[in-house]
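The values are calculated or read from the model by the stated rules, or taken from the named source; none is laboratory data. No experiment lies behind these values; they were computed from the predicted model shown. Positions of Cβ are backbone-derived with ideal geometry, glycine not excepted, and every protein chain shown enters the neighbour counts. Just so you know, the surface numbers come from the protein's heavy atoms only, side chains and all, with ligands and any DNA or RNA stripped out. Shrake-Rupley method; radii C 1.70, N 1.55, O 1.52, S 1.80 Å.
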Amino acid sequence: DVVETQEHYKSRWRSIWIMYLTMFLSSVGFSIVIMSVWPYLQKIDPTADASFLGWIIASYSIGQMVASPLFGLWSNYRPRREPLVVSTAISVAANCLYAYVHVPHSHNKYYMLTARALVGFGAGNVAVVRSYIAGATSLTERTSAMANTSACQAVGFILGPVFQTCFTLIGEEGVTWELIRLQLNMYTTPVLFGALLGVINIVLIFAIFREHRVDDMGRQCKSINSEGEENDALDQDTEGNVDHVAVVALNVLFFVILFVFAVFETIATPLTMDMYSWTRKEAVFYNGIILSVIGIESVIVFMVVKMLSKKTGERAILHGGLLIVLVGFFILLPWGKKLPNIQWQEIKNNSIPRTVPTEMLMPFWSLQEVQLPSNHTAEPVGCPLTQSWCLNTPMVYLAQYLSSDVLIGLGYPVCNVMSYTLYSKILGPKPQGVYMGWLTASGSGARILGPVFVSQIYTHLGPRWAFSLICGVVVVSLLLLEIVYKRLIAFSVRYGRMQE
């Protein structure tokens, strides 16, 4: 029972803070260009349409889904500094590529697609980050460290668009450095700033980050990731098998959690435009504010959940978070008798607006430039007749929508951090890189499938079917949690080395 020295403790937490920074920069890399992708895409390649924008947005998650298990596997057998530096370098190079997508004379949209996919590939390092934090913290430190990691990720998603807004002051033209054909404008400067942050991150990884590992009780252990050590350097506490039933169950639960949140994000703009007759500009503005408030709410929840888990345990909090999400979507079901406003004006003009589901159900940032027929003088508002359910489905009242926003904004971060915490505790002292890679890949897959699911169901069947199916999915996940509830215990508790 060697007590950890003060020097080791400080070095261990300095390394963990570098991982927090890596997680923050990874999410900034995603969100810093989101608001400007659509106008920049139209500027560099007029042949690109809104459906191609969907592929560009999804390419980040696809890249991350592919890379996460690969970087996780790498980190199981080699010093984690290697995959961390390589992944960050890929993100830096991808951001630089994004800044030059205007240069080619054709196929510019495919260069942008490649750049965003590579940024996502680099973001696969979150599996390495979480596996390191899991191995470098004791059981009592784990929940707090995982909550901090998720909070850093959430803050990155919030601040990315803020940075983007600041860079809009440069303008569309900006300045051009002719020697290297570099344009510094409101579209390219954010990614170059992201690249600079990535370079700083690499420097800090070399300068400060060190490999550390402690067991569940906080005692210093040897690590297979340290240079010069062999795989047999692990101590006897690794003996025992991981409960793979619990592992698979948590992967499924995590998929559901990110799936329903992706649905929620995607549906926000079209739902509010259909139900409240908001214009595109109003929908982008109001939902932008709502999502920002939800982001701030999430950060607060991450901080509160650290203290709450010490009293109730992670399993109970995960159960409560799923129940809150279920109530949030149940509230969204149409109950009243009042129907949404129909785009009657279009019938009078004998010109039904061209409403393509993929355009209509893009995330809110892509709705700023959806084209209307040439004979329009004003933007049509209300529920379009191309969605037949508009004629017989009651509207979702604004109070319902806002209440749902608050509840989902509360339940989602709770489920997110508890999933990661329970997952890492179940794996215990085993190398967690590949396992964390699969968990990250599950979340990435959910972010890809969620928008596709809701675009089909909402467009053709309406909110009643869409939200009923989501409620059904959450109920099934709650039943799964009940079935595996007793198995979701820490590795050391399962083998009698610690008491729960």
(message) Ile62 - would you say it is open to solvent by 10 Å² or more (accessible area, probe 1.4 Å) and of a type in the set (A, V, I, L, M)?
(response) yes
(message) Just checking, does the stretch 477-489 include any residue being open to solvent by 10 Å² or more (accessible area, probe 1.4 Å) and either at positive phi or part of a loop (DSSP other than H, G, I, E, B) (or both)?
(response) yes
(request) Among the numbered conditions (1) of a type in the set (Ser, Thr, Tyr); (2) at pLDDT 85 or above; (3) not in a loop (DSSP other than H, G, I, E, B), tell me where Thr393 comes up short. (result) (3)
(request) Can you run down the residue pairs with Cβ atoms below 6 Å, 6 or more apart or on separate chains, where the first is in the stretch 184-196 and more than 12 Å from Thr168 (Cβ to Cβ) and open to solvent by 20 Å² or more (accessible area, probe 1.4 Å) and the partner is outside any helix (DSSP H, G or I) and not small (Gly, Ala, Ser)? (result) Leu184/Val175
(request) Determine which single condition Tyr187 fails, assuming it passes every other condition in (1) more than 18 Å from the chain's Cα centre (by Cα); (2) part of a helix (DSSP H, G or I). (result) (2)
(request) Mind counting the residues in the stretch 300-345 that are hydroxyl-bearing (Ser, Thr, Tyr) and either buried (at least 18 other Cβ atoms within 10 Å of the Cβ) or on the phi > 0 side of the Ramachandran plot (or both)? (result) 1
(message) Among the listed residues Glu239, Glu211, identify the single one that is at pLDDT 80 or above and over 24 Å from the mean Cα position of the chain (by Cα).
(response) Glu211
(request) Might you let me know whether the stretch 154-169 holds any residue that is without any contact (Cβ under 8 Å) to a residue 40 or more places away in the chain, in contact with a strand residue (DSSP E or B) (Cβ under 6 Å, 6 or more places away or on another chain) and either part of a helix (DSSP H, G or I) or among the β-branched types (Val, Ile, Thr) (or both)? (result) no
(request) Please state which of the following conditions Gly472 fails to meet, knowing it meets all the rest: (1) touching a helix residue (DSSP H, G or I) at 6+ places or on another chain (Cβ under 9 Å); (2) part of a helix (DSSP H, G or I); (3) of a type outside the set (A, V, I, L, M, F, W, C). (result) (1)
(request) Inspect all residues belonging to the stretch 153-166 and state whether any of them is among the small types (Gly, Ala, Ser), under 16 Å from the mean Cα position of the chain (by Cα) and open to solvent by 10 Å² or more (accessible area, probe 1.4 Å). (result) yes
(request) Could you tell me which numbered condition Leu402 fails, if it satisfies all but one of (1) at pLDDT below 85; (2) surrounded by fewer than 21 Cβ atoms within 10 Å (Cβ to Cβ); (3) part of a helix (DSSP H, G or I)? (result) (1)
(request) Please indicate, with yes or no, whether at least one residue in the stretch 418-438 is among the hydrophobic types (A, V, I, L, M, F, W, C), touching a Phe, Trp or Tyr at 6+ places or on another chain (Cβ under 8 Å) and within 30 Å of Pro270 (Cβ to Cβ). (result) no
(message) Kindly evaluate Tyr98 against the criterion of being hydroxyl-bearing (Ser, Thr, Tyr) and over 30 Å from Lys430 (Cβ atoms).
(response) yes
(request) Taking Val101 as meeting all but one of (1) open to solvent by 20 Å² or more (accessible area, probe 1.4 Å); (2) part of a loop (DSSP other than H, G, I, E, B), write down the number of the exception. (result) (1)
(message) Condition first: open to solvent by less than 30 Å² (accessible area, probe 1.4 Å) and either in contact with a Cys (Cβ under 6 Å, 6 or more places away or on another chain) or among the basic types (Lys, Arg) (or both). Can you find one or more residues in the stretch 75-83 that meet it?
(response) yes
(request) Report whether or not Pro380 is under 30 Å from Leu41 (Cβ atoms), modelled with pLDDT under 85 and not in a helix (DSSP H, G or I). (result) yes
(message) Among (1) aliphatic (A, V, I, L, M); (2) more than 23 Å from Val155 (Cβ to Cβ); (3) at pLDDT below 85, there is one condition Ile57 misses while meeting the rest; what is its number?
(response) (2)
(message) Can you confirm whether Ser15 is of a type in the set (S, T, N, Q), within 22 Å of Val129 (Cβ to Cβ) and in contact with a Gly (Cβ under 8 Å, 6 or more places away or on another chain)?
(response) no
(request) Could you please find all residues in the stretch 22-48 being assigned to a loop (DSSP other than H, G, I, E, B), open to solvent by 20 Å² or more (accessible area, probe 1.4 Å) and either touching a residue at least 40 places away in the same chain (Cβ under 8 Å) or not assigned by the TED database to the domain that holds His107 (or both)? (result) Thr47
